[in-house]
Structures are given as structure tokens and as C-alpha cells.
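What follows is a single structure, written as C-alpha cells, with notes after it.
The values are calculated or read from the model by the stated rules, or taken from the named source; none is laboratory data. The shown structure was predicted, so the numbers you read here are calculated from the model rather than taken from an experiment. Glycine gets a Cβ as well: all are built from the backbone with ideal geometry, and neighbour counts include every protein chain shown. Keep in mind that these areas ignore ligands, DNA and RNA; they rest on the heavy atoms of the full protein, side chains included. Shrake-Rupley method; radii C 1.70, N 1.55, O 1.52, S 1.80 Å.
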Amino acid sequence: MVKAGLALGGNLGDTVALLQTASRLLDEHPEIGVLNVSRNYTTSPVGAAAGSRFVNSAILIETSLAAEALLDVCQRIEHEAGRVREIHWGPRTLDIDLIFFGSEILETERLIIPHPACWYRRFVLDPLCDVAAGLRHPVLNQTFAQLRDRLRRRPLTVSLGQLSHARQQQLHPLLAEYDVIEVAGEDLAATLILIDRPLTSRSRQQFGELYEQDLPGSFDAHLKDVLNAALDEPRPYADS
């Protein structure tokens with residue numbers, strides 16, 4: 001049996017009821033056992049098309065399934081909840097992400113584990129710390145509590161890594177919008193390293209494409225999404 005962490009969220013319909021149903025359906029599966037369920041949190045949407053505030057939670061399970069078989073189960077539950085994948089990072093009834101699967105490191109066309117963005121997303125880390133605070137990210141070798149706590153520091157120190165000095169200067173007006181951020185150039189001791197932490201070959205390729213674009217808009221939008229996800233303070237959901 002392998003312990004795995006799932007992050008759940010949604011902002012369409014009765015999200016709290018859908019989160020409860022997802023937990024029940026997971027636990028009813030003959031090869032999955034639910035070990036712990038987090039509180040529900042309300043969080044700010046990430047991405048221009050994401051819609052209203054989300055409700056997020058996390059579930060710690062144990063399973064005898066392989067990782068991609070577990071993904072199949074999660075996607076069936078999403079489908080039963082009315083999930084429609086029309087807009088990337090758009091509003092959704094239910095989203096279930098596989099964050100970690102034991103100590104496994106995997107990259108396929110369908111699945112990357114550990115989840116490549118979990119380390120800077122408070123809407124993932126805060127619920128996950130309710131159920132798996134002491135478990136370690138198998139790539140970064142920090143506990144999920146340590147990853148969450150480093151994002152709580154103020155000012156939040158960020159590194160722009162391998163970007164040219166000229167490109168960094170172009171980004172200063174954007175970064176100045178966040179009065180709780182300080183920029184550390186290429187300092188690898190920075191709390192949040194935005195560029196030097198592409199954890200998979202796919203994300204390296206995607207980041208590389210963003211760097212090379214003549215127009216900075218796509219990278220700027222990506223940077224704002226990263227910062228907003230790192231800085232947002234999830235709030236316990238009142239009715240959870």
C-alpha cells in the first residue's frame with residue numbers, strides 16, 4: 001500500500017457537498033482507503049479566467065493502485081461531478097490533483113508526480129498540511145509544512161534566476177505591485193525561486209519557451225499567477 005496526497009477544489013455548484021462526495025467515493029473504492037481529510041478552505045482564484053473564490057481541501061489516502069490507475073479513478077469522480085474541461089484554469093465543479101504518490105517521481109504524458117506546482121501554491125499546501133504536514137516532497141526533500149512555512153515569510157524573497165539583467169529590470173514594475181516582496185537576483189537562498197526550479201523536463205521546456213518570447217505578456221501573466229498563488233492566505237471555510 002502506498003500513501004498518496006490529493007488536492008481537491010472547485011468553485012461551481014455546491015462545492016462542499018462535492019468534496020464530501022469525492023471523499024466518500026474514494027473510500028468506497030476497494031483498493032483505496034481514506035486516512036485523513038483536511039478542513040475546507042476558501043482561496044483566491046488563480047488565472048484571469050478562473051472565476052469566483054474556490055473551496056479547497058486535501059485527502060490523504062493509502063492505495064494498492066498504480067499512480068495512473070489512481071488518476072483514472074480521480075478523473076471518473078470529476079466527471080461524475082460534472083467537470084467539463086473547456087477553459088484552462090477555468091471555473092470548475094471539482095478538480096482532484098494527485099500531489100504525491102509515496103516517494104515516487106514520475107513524468108508521463110498524462111501525469112507528473114510530485115505535482116510540479118504544489119511547492120508554491122498555498123491553496124494546495126495549507127490543506128495538505130492538515131493531513132500530511134510531516135511527509136516529504138520527494139524532489140525538494142522538505143516536508144510539506146516546511147514548504148508552506150517558507151511562503152509565510154515577509155518579506156517574501158524571490159529570485160528571478162537566469163533572466164537577463166535587462167529582463168529583470170522590465171519586471172520590476174510588476175514586482176513593485178507586491179509590497180511584501182523583495183527581489184534577490186540569482187540568490188539561490190531565496191524563499192521562492194521562480195525560474196530556477198523547473199522540476200521536470202516538461203516544465204523546463206515550457207519555461208524556456210516563455211523566456212524566448214519577444215513579447216513578455218505570457219511570462220508576466222505566469223509570474224503573477226505564481227506570486228498570487230504563493231501569497232494568498234487560505235481561510236478556513238465557515239461551514240466546514
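Observations on the structure shown:
- At least 2 residues being surrounded by fewer than 18 Cβ atoms within 10 Å (Cβ to Cβ) is the threshold, and among the helices (runs of 4 or more DSSP H) wholly inside the range 100-181 those reaching it are 144-150, 165-176.
- Members of the range 1-28 found to be basic (Lys, Arg) and under 20 Å from Tyr237 (Cα atoms), listed by number: Arg24
- Within the range 25-56, the set of residues being in contact with a Ser or Thr (Cβ under 7 Å, 6 or more places away or on another chain) and among the small types (Gly, Ala, Ser) comprises just one member, Ser38.
- The C-beta contact set for the range 125-146 (first residue within 19 Å of Pro234 (Cβ to Cβ), second residue among the small types (Gly, Ala, Ser) and assigned to a helix (DSSP H, G or I), distance under 6 angstrom, 6+ apart or interchain) comprises Cys129/Ala145; Ala133/Ala145; Phe144/Ala132.
- Of all residues in the range 11-44 being assigned to a loop (DSSP other than H, G, I, E, B) and either of a type in the set (Phe, Trp, Tyr) or free of Cβ contacts under 8 Å to residues at least 40 places away in the same chain (or both), the one that is surrounded by the fewest Cβ atoms within 10 Å (Cβ to Cβ): Pro30
- Residue list for the range 89-99, filter: open to solvent by 20 Å² or more (accessible area, probe 1.4 Å) and at pLDDT below 90: Trp89, Pro91, Arg92, Thr93
- Some residue of the range 52-59 being touching an Asp or Glu at 6+ places or on another chain (Cβ under 6 Å) and among the hydrophobic types (A, V, I, L, M, F, W, C): no
- Counting only residues that are at pLDDT below 95 and over 22 Å from Pro45 (Cα atoms), the range 115-145 holds 6 of them.
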